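Okay, structure first, notes after.
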């Protein structure tokens with residue numbers, strides 16, 4: 001395949017897409033797990049058998065995970081129709097009744113009253129009108145829209161335009177300036193300003209520099225990064241190339257969880273396609289810039305989401321963190337300046353360069369600009385992925401988009417996974433920003449949002465998270481290793497109805513020591529679920545103290 | 001509840017060519033920090049990291065055996081013992097946890113008479129927890145080798161899992 005020049009890229013982008021009837025099937029991990037491949041095959045066979053001029057194509061995950069497998073039918077000149085929970089038999093029925101007979105199969109149609117559905121497919125990257133859909137997709141703009149394994153389809157949606165700009169008219173100064181204006185902050189959870197990280201790494205002294213994509217999505221109950229890597233791998237790769245260009249790196253590394261085979265496969269494919277088209281390798285787009293990417297797999301260690309532990313793991317060692325400073329931007333992989341960005345952060349970069357930092361900064365509120373992707377799961381009616389402008393309230397996400405509790409009432413929402421906190425239902429009007437969530441004792445986190453209903457026990461969930469952190473503690477520092485285990489013992493005593501007031505005080509004391517003295521964020525944040533549960537649901541704790549009582553007696 | 005096939009790699013049976021180890025060593029030897037990648041290849045080839053393979057691989061990669069052991073025991077993903085022919089993974093992510101994963105695990109442990117992380121004496125079934133396979137919209141989720149059982153009720157789990165039993169060939 002010939003290496004592309006900047007002009008070739010424009011030609012490819014402008015290549016008009018043939019407008020014909022299209023059936024798109026969501027083929028990401030959740031879709032496949034729900035049986036989408038059977039529906040996909042049945043659609044293909046049926047179209048062929050009937051000799052229809054219809055394209056049956058694969059797309060990524062649209063985010064409506066509870067209704068997988070999803071099939072979208074687009075007939076030119078008609079509104080698109082979305083079908084949910086489609087089996088192979090349903091697929092044949094859709095061809096017979098809708099595509100041949102011209103009648104929508106009402107029984108299978110996804111109800112559009114659900115916000116998830118309203119905004120899922122199509123060109124959803126425009127701001128919604130007042131009172132309209134609450135989602136706004138920047139990171140997920142191509143998810144469920146393009147074939148993630150097609151280089152051409154990505155390019156047709158402005159793909160690699162930002163790289164072209166950087167290599168022809170741009171400079172690393174210009175990129176960092178746009179990122180500064182945009183106000184983009186790290187989407188892995190901590191919220192460090194991205195432009196500062198990029199600038200620090202760029203200015204650090206070293207023989208070589210590295211950029212790493214942190215795709216070790218460890219929060220149990222969250223899968224935003226998996227979905228983006230499976231649904232739009234080129235967008236993340238473009239962010240990597242831009243980052244490599246800005247800091248002067250020659251090598252980028254995708255550190256991906258081994259538990260995500262499809263994401264690994266799609267990133268591998270995207271890297272190969274980019275190499276074949278001259279977007280990775282020597283002299284990218286005919287410029288003097290050379291850069292390549294490779295994949296390293298995680299092996300199931302939550303602590304490897306921490307930057308210094310991740311670096312140790314990429315070096316082939318046990319993933320234990322080390323004290324900072326020096327920060328990775330000064331001394332990281334192989335002791336060289338290293339920039340680590342989360343998948344979602346990287347997926348935002350090209351859009352910011354294409355549309356300008358001011359465009360991005362206008363979305364969101366205060367110091368939290370742009371959008372955030374959440375995996376809304378647990379006891380919610382419509383679980384799935386949502387991308388909302390920062391500043392959207394938890395209520396809008398959980399009640400309007402997620403449809404509220406599937407049964408009973410929403411009791412609390414946990415953001416930030418094992419490092420976050422529980423937010424009670426009466427605080428659902430809190431806007432989602434880094435600062436607001438922190439004030440409540442939780443964190444933004446990477447995007448996990450677990451909904452609990454009134455039958456769930458906060459004591460049990462706190463125990464679940466603490467057990468997780470104790471299990472995942474690397475054991476290097478005493479506050480985390482010993483503190484976690486001691487907290488777990490005390491909490492178990494309380495949960496079994498054997499605890500008293502002194503145990504509650506002990507929990508607080510140990511928590512404080514862990515927060516202040518742990519080496520890395522794992523230990524520092526591990527007490528959060530317990531502390532927030534104690535803060536917002538004191539009665540539930542008290543009821544466990546006196547005597548063993550039913551879990552949800554608030 | 002639904003059951004479907006996925007692309008997840010299944011543990012391959014033993015009986016691989018004897019030079020598999022040198023091929024893995026050759027592939028990764030000259031790449032900086034590639035021990036974990038080499039061990040992924042080992043586990044994909046053998047289904048776990050057998051002791052004799054580690055002993056042969058270490059000198060070929062130029063690392064002490066202790067380094068291999070250190071890494072394998074740190075990461076949850078690597079196994080030191082051969083799993084059973086049918087590996088049952090119960091997803092213990094938060095969404096699955098809230099939707100009944102603990103009860104599902106209890107029922108499977110009671111049925112097979114093993115704890116999580118153990119294999120039945122006839123080596124047919126291996127039960128393990130997994131952190132989160134990222135299909136939270138389909139919670140609770142259990143996988144048996146490459147097959148996924150989604151949205152399963154605890155009362156139905158034993159039937160669903162045993163239905164996926166495949167008899168030994170030969």
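The values are calculated or read from the model by the stated rules, or taken from the named source; none is laboratory data. Predicted model, so just to flag it, every value in this text is computed and none were measured. Here the Cβ is made from the backbone with ideal geometry for all residues, glycine too, and neighbour counts use every protein chain on show.
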Q: Scan the stretch A:77-112 for residues that are surrounded by 16 or more Cβ atoms within 10 Å (Cβ to Cβ), under 27 Å from the mean Cα position of the chain (by Cα) and over 23 Å from residue A:33 (Cβ atoms) and report the count.
A: 1
Q | Odd one out for residue B:127, checked against (1) buried (at least 24 other Cβ atoms within 10 Å of the Cβ); (2) assigned to a loop (DSSP other than H, G, I, E, B); (3) away from chain A (no Cβ under 13 Å) | A | (2)
Q. Can you name every residue in the stretch B:28-40 that is more than 18 Å from residue B:73 (Cβ to Cβ) and either at pLDDT 95 or above or within 9 Å of another protein chain (Cβ to nearest Cβ) (or both)?
A. B:28, B:31, B:32, B:33, B:34
**Q.** Filter result (more than 8 Å from chain B (Cβ to nearest Cβ) and surrounded by 22 or more Cβ atoms within 10 Å (Cβ to Cβ)) within the stretch A:313-326
**A.** A:321
Q) Somewhere in the stretch A:349-368, is a residue touching a helix residue (DSSP H, G or I) at 6+ places or on another chain (Cβ under 7 Å), in contact (Cβ under 8 Å) with a residue 24 or more places away in the chain and in a strand (DSSP E or B)? A) yes
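Only residues that are closer than 30 Å to residue A:330 by Cβ, within 12 Å of another protein chain (Cβ to nearest Cβ) and buried (at least 19 other Cβ atoms within 10 Å of the Cβ): list them for the stretch A:248-262, please. Quick ask: steps written out before the conclusion?
Here is the first cut: in the stretch A:248-262, the ones closer than 30 Å to residue A:330 by Cβ are A:248-258.
With within 12 Å of another protein chain (Cβ to nearest Cβ) added as a condition, the list becomes A:251, A:253, A:255-258.
Of everything in the stretch A:248-262, those that are closer than 30 Å to residue A:330 by Cβ, within 12 Å of another protein chain (Cβ to nearest Cβ) and buried (at least 19 other Cβ atoms within 10 Å of the Cβ) turn out to be A:253, A:255, A:256, A:257, A:258.
Kindly provide the set of residues from the stretch B:21-55 that are farther than 30 Å from residue A:335 by Cβ and surrounded by fewer than 16 Cβ atoms within 10 Å (Cβ to Cβ), ordered by number. Break it down stepwise before answering.
Within the stretch B:21-55, the subset farther than 30 Å from residue A:335 by Cβ is B:21-23, B:44-48, B:50-53, B:55.
Residues satisfying the conditions are B:22, B:23, B:44, B:51, B:52, B:55.
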(Q) I'd like the full set of residues that are within 7 Å of another protein chain (Cβ to nearest Cβ) and in contact (Cβ under 8 Å) with a residue 12 or more places away in the chain, limited to the stretch B:57-81. (A) B:71, B:75, B:76, B:77, B:78
Q: Among the residues of the stretch A:452-470, count how many are without any contact (Cβ under 8 Å) to a residue 60 or more places away in the chain and within 9 Å of chain B (Cβ to nearest Cβ).
A: 1
(Q) Step by step: first the residues of the stretch A:294-312, then only those that are touching a strand residue (DSSP E or B) at 6+ places or on another chain (Cβ under 7 Å) and within 14 Å of chain B (Cβ to nearest Cβ), then the one that is nearest to residue A:193 (Cα to Cα). Which residue is that? (A) A:305
Q) residue A:289 fails exactly one of the following numbered conditions: (1) surrounded by fewer than 24 Cβ atoms within 10 Å (Cβ to Cβ); (2) over 30 Å from residue A:323 (Cβ atoms); (3) at the interface with another protein chain (Cβ under 9 Å from one of its Cβ atoms). What is the number of that condition? A) (3)
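Name the residues in the stretch B:82-99 that are within 11 Å of chain A (Cβ to nearest Cβ) and either in contact with a strand residue (DSSP E or B) (Cβ under 6 Å, 6 or more places away or on another chain) or surrounded by fewer than 22 Cβ atoms within 10 Å (Cβ to Cβ) (or both), would you?
Within the stretch B:82-99, the first condition is being within 11 Å of chain A (Cβ to nearest Cβ), and the residues that meet it are B:89, B:91-99.
Answer for the stretch B:82-99, where residues must be within 11 Å of chain A (Cβ to nearest Cβ) and either in contact with a strand residue (DSSP E or B) (Cβ under 6 Å, 6 or more places away or on another chain) or surrounded by fewer than 22 Cβ atoms within 10 Å (Cβ to Cβ) (or both): B:89, B:91, B:92, B:94, B:95, B:98.
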